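Notes follow once the structure below has been shown.
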Amino acid sequence: MVPAFLYKYIYFLIITVLTLSEVQRLRSLNEKEGSLGSMFLCFFMVLFIGFRPVSVLFVDMVNYANWWGGAWWGFDWKTTNLLFDNLYQYMGSVFPDATFFFGLMAAIYFIGMFVTCRKLFPSNTLIVFLVCLAAFSTFSYGTNGIKAGAAASLFLVALAYRKQLVVSILFLLLSLGFHHSMQMPVAAYLLTLVFKNEKWYFYGWLFCLLMAVGHVSFFQNLFAGMTDESGAGYLNWNPNEDWGGKSGFRLDFVIYSAMPVIMGYYVKFKYQLEDKLYDTMLNIYLTCNGIWMLCMYAQFTNRIAYLSWFMYPILLVYPCYAIGDETHPLVLIRKKVVLLHLAFTLFMAFIYYA
């Protein structure tokens, strides 16, 4: 078995080599890409990440392994995360350890990601899948925050199949069942269906940024009174407590979060791209990321930020790989966008957080 400390290095080595190879290929949108390569990569990630060793390097993985086991008393309708909690409890009563549970969670995470990429980018599935794998938060939520990661992938599938209403609703419900925090993206999704003025979403995001810069805590306290006990614990956290993580105004997170916003501004107001799916995803992102900024001073602020970040890679490259005009400026820069995205993640993973 591969030692736990090598996992991050091997993961990013594979992603880097494959990205550098695949980004050279410029495939026409009229040419459908074969799915064998991306399917094999997805299968490899399920096995590689899903059957990793239990280690403190993967943080919450240790807790899931230590809490494993116990009797199954039937489906519990009162649990916080209806599907995830019951699945965990049921598998804990059947299997001697959590090995297959971690494998199943990795399968949901990576297959959901792959299905989304295949549905939205049939001509460039592999490179977009690699962009998703290279995202700043992907490795962490595949090995540590597995509950939120799986829920986010299910939400992406719901977006990808938005035109098949029954399928989309099913995956939205599955997403909510895996992690109750997905209430925010689902609510933002519903908002985008009734309110479609892009300018006001940008105005709202800028307002939230100003509130974060000014350390206005009104909204954080407001949300603490609206959420459940777990969420309120994060939001009401005392910043004087020593918890071992970073807190305060996260300039690094703001810069990272701003990239799809800047890209979205140019796409919508300079290049005038008309695409309903892109508009929906961008507005969901602006809404959820704005809410995170209102709660930036909370504990585990990255967990709130992830409720927008899971859409980050697809939002970033969607204009580059969804526009049919091969001479369009956004299509011409797609190689640079992919490589800068990868370089940023490698910098954060091996230099900034080293």
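The values are calculated or read from the model by the stated rules, or taken from the named source; none is laboratory data. As the structure is a prediction and not an experimental result, all values here were calculated from the model. We place every Cβ from the backbone using ideal geometry, glycine too, and count neighbours over all the protein chains shown. We work out accessible area using only protein heavy atoms, side chains counted, and drop any ligands, DNA or RNA first. Shrake-Rupley method; radii C 1.70, N 1.55, O 1.52, S 1.80 Å.
Just to be sure I understand, how many residues within region 102-130 are open to solvent by 30 Å² or more (accessible area, probe 1.4 Å) and within 14 Å of residue 41 (Cβ to Cβ)?
4
Filtering region 196-212 down to residues that are open to solvent by 30 Å² or more (accessible area, probe 1.4 Å) and at pLDDT below 90, which residue is nearest to residue 270 (Cα to Cα)?
Among residues in region 196-212 that are open to solvent by 30 Å² or more (accessible area, probe 1.4 Å) and at pLDDT below 90, the one nearest to residue 270 (Cα to Cα) is 198.
Just for helices (runs of 4 or more DSSP H) wholly inside region 286-343: which have at least 2 residues that are open to solvent by 20 Å² or more (accessible area, probe 1.4 Å)? Walk me through how you get there before you give the answer.
On the way: elements: 301-309, 312-322, 329-332.
Once the helices (runs of 4 or more DSSP H) in region 286-343 are filtered for at least 2 residues that are open to solvent by 20 Å² or more (accessible area, probe 1.4 Å), what remains is 301-309, 329-332.
Please determine, by comparing only the residues of region 48-63 that are free of Cβ contacts under 8 Å to residues at least 24 places away in the same chain and touching a helix residue (DSSP H, G or I) at 6+ places or on another chain (Cβ under 9 Å), which one is least open to solvent (accessible area, probe 1.4 Å). It would help to see each step written out before you state the result.
So the first thing to find is which residues in region 48-63 are free of Cβ contacts under 8 Å to residues at least 24 places away in the same chain, and the list is 56, 62-63.
Next, only the ones that are touching a helix residue (DSSP H, G or I) at 6+ places or on another chain (Cβ under 9 Å) stay: 56, 62.
Working: 56: 115, 62: 31 Å².
Step by step, filter region 48-63, then rank; the result is 62.
Check region 345-354 and report whether any residue there is exposed (fewer than 13 other Cβ atoms within 10 Å of the Cβ), assigned to a helix (DSSP H, G or I) and hydroxyl-bearing (Ser, Thr, Tyr).
yes
Can residue 159 be described as open to solvent by 20 Å² or more (accessible area, probe 1.4 Å) and either assigned to a helix (DSSP H, G or I) or not charged (D, E, K, R) (or both)? Quick ask: steps written out before the conclusion?
Values: open to solvent by 20 Å² or more (accessible area, probe 1.4 Å): no; either assigned to a helix (DSSP H, G or I) or not charged (D, E, K, R) (or both): yes.
In short, no.
Looking at 176, 156, 206, which one is hydrophobic (A, V, I, L, M, F, W, C) and free of Cβ contacts under 8 Å to residues at least 12 places away in the same chain? Spell out the reasoning first.
On the way: 176 fails: free of Cβ contacts under 8 Å to residues at least 12 places away in the same chain; 156 fails: free of Cβ contacts under 8 Å to residues at least 12 places away in the same chain.
Checking each option against the conditions leaves just 206.
Within region 132-144, is there a residue that is modelled with pLDDT under 95, open to solvent by 70 Å² or more (accessible area, probe 1.4 Å) and either out of contact with any Cys (no Cβ under 6 Å at 6 or more places or on another chain) or in a helix (DSSP H, G or I) (or both)?
No, that holds for no residue.
Among the residues of region 11-43, how many are modelled with pLDDT of 95 or more and closer than 20 Å to residue 327 by Cα?
0
Find the residue count for region 64-101, including only residues that are open to solvent by 10 Å² or more (accessible area, probe 1.4 Å), free of Cβ contacts under 8 Å to residues at least 60 places away in the same chain and under 26 Å from residue 135 (Cα atoms).
Count: 2.
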